[in-house]
């Protein structure tokens, strides 16, 4: 495990909502992040699909981690847009984000969110967002 991934996992575990839904950071490297969430009954809406808010959380958090990997630790989401393309059903969600542009103070990132059922990945959402620096670093941006 890299130092950056270890740092990212500590940050994720400091977020109470992330802990509540069982989110796991599986990849956190220069310009990339992958977040995995086990699909449980408590994350579903009335039709049995994963609630759109959970999918939005996955995209937002993965985008923020990807952007933070190039901007440093003091970042926030300035905006994001998401398109839901298929209902999410299965065993887990996987949000895979990457930086498509990085400047000194902001990064634009995209994210694909997949639902995995019986080992088959199905795209359920696509998102794009802007991550911005908020101030001085509290930790080194690259370890």
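The number of residues in region 30-59 being closer than 24 Å to residue 101 by Cβ and loosely packed, with under 14 Cβ neighbours inside 10 Å comes to 1.
The single condition among (1) over 11 Å from residue 65 (Cβ atoms); (2) within 13 Å of the chain's Cα centre (by Cα) that residue 27 does not satisfy is (1).
Residues that are farther than 17 Å from residue 12 by Cβ, touching a helix residue (DSSP H, G or I) at 6+ places or on another chain (Cβ under 7 Å), at pLDDT 95 or above and surrounded by 15 or more Cβ atoms within 10 Å (Cβ to Cβ) occur at least once in region 104-122. A Cβ distance below 6 Å, combined with a sequence gap of six or more or placement on separate chains, defines the contacts here; from region 116-128, residues that are farther than 18 Å from residue 51 by Cα reach residues that are surrounded by 14 or more Cβ atoms within 10 Å (Cβ to Cβ) in the pairs 128/110.
The listed residues are 134, 130, 73, and the only one of them that is modelled with pLDDT under 95, in contact with a strand residue (DSSP E or B) (Cβ under 7 Å, 6 or more places away or on another chain), on the phi < 0 side of the Ramachandran plot and surrounded by 13 or more Cβ atoms within 10 Å (Cβ to Cβ) turns out to be 134.
Within region 1-29, being assigned to a strand (DSSP E or B), surrounded by fewer than 17 Cβ atoms within 10 Å (Cβ to Cβ) and touching a helix residue (DSSP H, G or I) at 6+ places or on another chain (Cβ under 7 Å) holds for one residue alone: 29. Taken over region 85-103, the criterion of being part of a strand (DSSP E or B) and surrounded by 16 or more Cβ atoms within 10 Å (Cβ to Cβ) is satisfied by 92, 93, 94, 95, 96, 97, 98, 99, 102. Of all the residues in region 41-79, those that are part of a strand (DSSP E or B) and under 30 Å from residue 118 (Cα atoms) number 2.
Just one of the listed residues (52, 68, 90, 72) is touching a residue at least 12 places away in the same chain (Cβ under 8 Å) and closer than 14 Å to residue 129 by Cβ, and it is 68.
The values are calculated or read from the model by the stated rules, or taken from the named source; none is laboratory data. The structure presented is a predicted model; accordingly, all values stated were derived computationally and were not measured. Neighbour counts are summed over all protein chains in view; Cβ atoms, including those assigned to glycine, are modelled from backbone coordinates with ideal geometry.
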